[in-house]
């Protein structure tokens with residue numbers, strides 16, 4: 001019943017806003033949209049607890065241990081983001097850590113339209129001087145105070161602010177920056193003037209979120225935060241532009257990127273051959289390769305990519321001692337062979353040139369019989385006697 005009352009109240013507020021501004025509801029800008037409103041009811045005692053927490057990844061909320069009473073509970077988390085966006089979800093898993101006084105709540109559905117807050121990875125120490133932190137009271141309200149770094153052995157920061165609402169227990173303490181966004185350094189304990197350091201919880205948070213959902217938390221290194229605080233204070237921060245997601249910068253200098261980030265072609269335009277080059281090589285460098293080799297260069301049927309940059313002049317004639325027999329240059333390039341310089345055994349070449357041998361070697365007439373030889377001898381002898389008479 002208590003849970004239904006809370007949800008009904010939230011829906012009523014949202015509906016009233018829509019009807020009151022039926023034409024165009026005013027834009028609502030939440031400065032701390034990652035702030036979670038936690039409503040937990042102990043099923044056994046029906047005792048209700050209202051707290052705050054922070055969205056640290058799409059499915060996980062960090063809060064104070066005592067915001068969740070007992071093992072048998074019904075817990076709901078709601079967020080109010082910008083542009084009248086609201087998200088209400090059930091908690092399906094609760095992980096409690098008594099020694100460090102915190103709890104991790106796993107939501108039934110990931111929050112899609114709210115950016116999780118970043119967490120500080122290592123503690124701020126006394127030597128790091130004082131810094132201004134915001135003790136978040138709700139999605140729309142936060143109280144600022146000067147916070148000092150604490151000794152390594154202490155787990156919590158402390159504030160002197162007296163006017164902190166009761167329901168802010170578990171709410172985030174953040175350092176607001178223009179460059180990094182908000183960085184959470186702790187959360188309010190039962191005594192609202194103290195905050196448990198998030199850096200002390202890092203290993204447990206990483207283990208639980210990764211094991212049970214595969215999600216990760218975005219941590220900010222201490223030195224990065226300190227450098228950002230200092231440079232924003234004296235106006236020396238320089239934010240180097242980088243191309244948006246899915247845009248390749250191809251190693252260009254920031255000045256070239258600024259205002260000129262474009263998505264390079266993943267392939268060259270029609271009729272342009274990229275020859276397997278990478279997108280960065282393509283960007284601004286797509287050229288039409290030659291469709292044929294230059295004058296005097298035979299491509300022998302090679303593809304354009306093979307021609308591009310690799311056109312070579314094939315031999316116009318076969319090497320010394322090799323007869324080309326009138327073959328075309330392309331045939332010479334791969335098919336130059338040494339033709340026979342003489343006909344095979346038993347084959348008469350009749351003084352033909354090697355090229356004629358290659359295709360015209362023939363077997364001469366067979367030898368004459370002995371009887372034929374005797375007849376020829378007799379004819380020769382008679383001719384001889386006739387000549388001398």
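Where a number appears in this text, it was derived from the coordinates with a stated rule and is not lab data. All values derive from a computational prediction rather than experimental measurement. Reconstructed Cβ throughout: ideal geometry from the backbone, glycine too, with neighbour counts over all protein chains shown.
What the table below lists for this structure:
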quantity: Inter-site label distance for residue 47 and residue 236 at 7 Å from Cα along Cβ, in nm; calculated: 5.4 nm
quantity: Label-point separation, residue 29 to residue 99 (7 Å along Cα→Cβ), nm; calculated: 4.4 nm
quantity: Segment residue 146-residue 202, extension gain: residue separation times 0.36 nm, minus the distance between their alpha carbons; calculated: 17.7 nm
quantity: Highest-first arrangement of 206-218, 174-186, where packing means the average Cβ count within 10 Å; calculated: 174-186, 206-218
quantity: Ordering of 39-45, 59-65, 96-102 by packing [mean C-beta count within 10 Å, highest first]; calculated: 59-65, 39-45, 96-102
quantity: FRET efficiency, residue 109 to residue 221 (Cβ-Cβ, R0 45 Å, nearest 0.05); calculated: 0.90
quantity: Rounded, prolate or oblate (a/c below 1.5 giving rounded, otherwise prolate when a/b exceeds b/c) for region 54-103 by Cα gyration tensor; calculated: prolate
quantity: Rg and Dmax [Cα atoms of region 118-234; Å; Rg one decimal, Dmax integer]; calculated: 14.0, 43
